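These notes concern the structure reproduced below.
The values are calculated or read from the model by the stated rules, or taken from the named source; none is laboratory data. Owing to the predicted nature of the structure, the values given are computational and were not obtained by experimental measurement. Note that we place each Cβ from the backbone using ideal geometry, even for glycine, and neighbour counts take in every protein chain shown. All accessible areas refer to the heavy atoms of the entire protein, side chains included, with ligands and DNA or RNA removed. Shrake-Rupley method; radii C 1.70, N 1.55, O 1.52, S 1.80 Å.
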Amino acid sequence: MTIQAWKVETAALLKGAGLEGTPDLDARLLLQQVTGFDQAKQILFFDKVLTDAQLDSLTSLRKVRLSHKPMAYILGRREFYGRDFQVDERVLIPRSDTETLIEAVLAFAKNKTDTPSIIDVCTGSGCIGITLALELGSAVTLTDLSEGALAVARENARRLVSRPLTFLHGDLLSPTDKKYDIIVSNPPYLTASWCDEVAFEVQWEPRLALEGFSLDGLELIRALVAQSLDHLAAGGALFLECDYRQAETVKQLLVSSRFTNVRIEKDLAGRERVVWGVLACTNS
């Protein structure tokens, strides 16, 4: 079978299995994973006959993809803010929506005279904290309840960051007694019913990284807001990703917790995605 014939066959099978998002791209990436041929070479050598060994490997990968396993887990990587991050089933797959969180933090940091200290809570793959460390040159601490997630984040930091970062194992802000200029988090925030309703692909991702508990999914966000009051430096800011259905509730939570200038930022799809505010200074 030739390269082109395999791509056409695979794209058709993926469409037939309900994987209609990017079947042509998926076929190309699977082929590249096995043969090492990028898009240009696949076009140039479209009539090259695949070896039996290559076909065996491709058949195995295609079978896994047909089971709705996300491409990011199959390939072992996902691009985020222009960089490749290693991912596996221990961590949530980085999404472009979360780049809204990065943009909000960068905009806030521009107004700071000093390089801000940052803690990334529920770091997962480390994509948020590592990206901010690279973009701002900040000292960044990354925390997670999952040891497996921290292992992935450490490996990404080793590959991408030249300076050492701090990794802490534990629940939310409990592993630290320090104060930070910026607390940023994409915590679990889906309700149990939302978790049950997500696409087959999302169900491959760790439920620990998805479900926020309580009927509204905001149990962890409420706890993080409360803890942040003791972990933000004067004039520090808290940045949270949440679902668009929760944004207004999270905004009111920050307003009622001594945060000022509370804002909601929309993602590229126009949905409310990030809520953030600056902790009001006290006279004490």
Practice problem: Would you please classify the overall shape of the chain from the alpha carbon gyration tensor, given that a ≥ b ≥ c denote the square roots of the eigenvalues, rounded means a/c under 1.5, and beyond that prolate means a/b larger than b/c while oblate covers the rest? | Solution: prolate
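Give the shape of region 1-83 as rounded, prolate or oblate, defined through the alpha-carbon gyration tensor: a ≥ b ≥ c are the square roots of its eigenvalues, a/c under 1.5 means rounded, and otherwise the shape is prolate if a/b is larger than b/c and oblate if not.
Working: a/c = 1.57, a/b = 1.21, b/c = 1.29.
Oblate shape, in that a/c is at least 1.5 and b/c is the bigger or equal ratio.
Quick one: net charge of Asp181's neighbours, Cβ under 14 Å, K/R +1, D/E -1? The partial results should precede the final answer.
Working: positive: Lys110, Lys112, Lys178, Lys179; negative: Asp114, Asp120.
Once positives and negatives cancel, what remains is +2.
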Quiz item: Once amide H atoms are built 1.01 Å from N in the peptide plane, which residues 5 or more positions from Phe239, or in another chain, come under 5 Å H to H?
Solution: Ile183, Val184, Ser185
Exercise. Give the accessible area for Arg90 in Å² (nearest 10); use a 1.4 Å probe, count only protein heavy atoms, and leave out ligands, DNA and RNA.
Key: 120
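For every other residue with a beta carbon closer than 13 angstrom to the beta carbon of Gln203, add +1 if it is Lys or Arg and -1 if Asp or Glu, then tell me the sum. Walk me through the intermediate numbers first.
Values: positive: Lys69, Arg207; negative: Glu89, Asp196, Glu197, Glu201, Glu205, Glu211.
Residues near Gln203 contribute -4 overall.
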Practice problem: Output the peptides 95-108, 130-143 sorted from most to least packed, where packing is the average of other Cβ atoms within 10 Å over each peptide's residues. | Solution: 130-143, 95-108
Quiz prompt | Cα gyration tensor shape for region 122-259, rounded if a/c is under 1.5, else prolate or oblate | solution = oblate
Quiz item: For Leu66 and Asp196 in the same chain, what is the full-extension length gain: residue separation times 0.36 nm, less their Cα-Cα distance, in nm?
Solution: 44.8 nm
Quiz item: FRET efficiency for Phe213 and Lys15, Cβ-Cβ distance as r, R0 = 35 Å, nearest 0.05?
Solution: 0.45
Quiz prompt | Acute angle (nearest 10 degrees) that the helix 3-16 long axis makes with the longest principal axis of the chain, alpha-carbon atoms | solution = 60
